[in-house]
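What follows is calculated from the coordinates using simple rules that are stated; it is not laboratory data. Since the model is a prediction, treat every value here as computed from it, not as a measurement. Note that each Cβ is placed from the backbone with ideal geometry, even for glycine, and that neighbours are counted across all protein chains shown.
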Amino acid sequence: MVNGVFGFPSRRSDHLISALPEVILVRGRLREGPAWLDGILGQILEEAAREEPGFQAIIERFADIIFVNAVGTSIADDPGGGTSWLRGLRDPHIARVLTLVHREPGRRWTLAELARQAGLFRSVLASRFRATVGATVMDYATGRRMELAETLLSASQMPLTRIALSVGYDSEISFGRAFRCWSGTPPGQYRRDARIPAAS
């Protein structure tokens with residue numbers, strides 16, 4: 001038996017985790033068939049047994065491949081009920097919006113720009129996105145910006161002013177107000193709780 005654990009650095013990753021089913025059963029549906037999965041598992045066991053320099057990084061990448069393909073299987077098998085970002089990927093227009101937001105989470109997206117990129121009217125995108133993903137387009141985009149801010153606050157010593165600019169805010173004050181509204185904690189306090197000293 002091969003076991004593995006995936007960790008999410010942000011405490012706001014519930015939208016990712018909650019969209020996944022409790023169990024994903026792979027029935028030889030991976031892109032290269034059952035032999036592909038057997039081959040990857042064999043490589044993992046071989047690398048673990050050799051314990052040569054870099055073996056942990058190699059195993060982690062193999063695990064990523066298995067996870068991504070398993071999630072792909074879940075999307076393909078999803079009957080389409082409920083709402084989540086995972087189900088949004090089944091709609092090519094919504095998938096385009098999700099890809100853009102996740103690719104550039106710090107960008108100050110507007111509904112008009114995302115609708116143009118998706119090839120939809122704003123009203124159509126707004127309605128379809130909420131019906132599929134379960135959140136408004138702007139709330140979803142703001143959530144990804146705040147998750148990026150959390151990462152920068154907890155894993156870097158970047159000054160708050162630079163973090164504000166990196167996640168699409170004109171000033172530290174406006175960023176602080178938005179971050180506190182979203183997380184319930186001011187950015188400085190969040191950083192102190194994460195025990196990362198702010199740069200002067």
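Summing Lys and Arg as +1 and Asp and Glu as -1 over all other residues whose Cβ lies under 9 Å from the Cβ of T132 gives a net charge of +3.
Segment T161..S123, full-extension length gain: 10.2 nm, with 0.36 nm per residue of separation and the alpha-carbon distance subtracted.
The residues neighbouring G106, those whose beta-carbon lies less than 10 Å from its own, together hold a net charge of +3 under the Lys/Arg +1, Asp/Glu -1 convention.
A quarter of the convex hull surface defined by the alpha-carbon atoms of the stretch 85-138 gives 3.1 nm² as the mean projection.
Take the Cα of R177, step 7 Å toward its Cβ, do the same at R107, and the gap between the two points is 2.6 nm.
Over 18 Å apart: what share of the alpha carbon pairs of the stretch 142-193 falls there, rounded to a whole percent? I get 12 percent for the Cα pairs in the stretch 142-193 exceeding 18 Å.
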